[in-house]
Amino acid sequence: MTRQSPSLTEAQYFILAALLDGPLHGYGIVKAAERATDGRLRIAVGTLYGALERLERAGYVTPGDEEIVDGRARRYYRLTEDGGGALDREALRMRQAAALVLGRAREAGAAPA
């Protein structure tokens, strides 16, 4: 029996998705996730850095360059190959779950919203 990786949280999913185009710092990740969800998902700073820490421990992101802006350190994060794979698996899992629900809704005569 093979063990599956646990699903990503919504915040983790959009953090990884934000890094698809290249390295970003924390604020850049927050804004990219917000844009990707039309403002629906607003990742709080505590949530962001907790998620980045867990994603780094899992090998899905790696910290990169750091720069000082206005006297504060700004660390950039990048997606790893394993992180890209986890993102792909999660996207597939969500697509399959949505197809199941939408298919059952059609069978029951309910119009999907």
Exercise. Out of I68, T80, A44, whose Cα points farthest toward the positive end of the dipole of segment 10-107 (charges: +1 Lys, Arg; -1 Asp, Glu; placed on Cβ)?
Worked result: A44
Problem set entry | Over the chain, relative contact order from alpha-carbon pairs under 8 Å, at least 6 apart, % | 25 percent
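For segment 28-113, state which trypsin sites (Lys or Arg not before Pro) are in a DSSP loop and have at most 14 other beta carbons lying within 10 Å of their beta carbon.
Working: sites: K31, R35, R40, R42, R54, R57, R72, R74, R75, R78, R89, R93, R95, R104, R106; in loops: R40, R42.
Counting only loop positions with at most 14 other Cβ atoms within 10 Å, the trypsin sites (Lys or Arg not before Pro) in segment 28-113 are R40, R42.
Just so you know, all these numbers are worked out from the coordinates, no wet-lab data involved. This structure is a prediction, so every number in the text was calculated from the model and none was measured. Don't worry about glycine lacking a Cβ; one is built from the backbone with ideal geometry, like all the others, and counts go over all protein chains shown.
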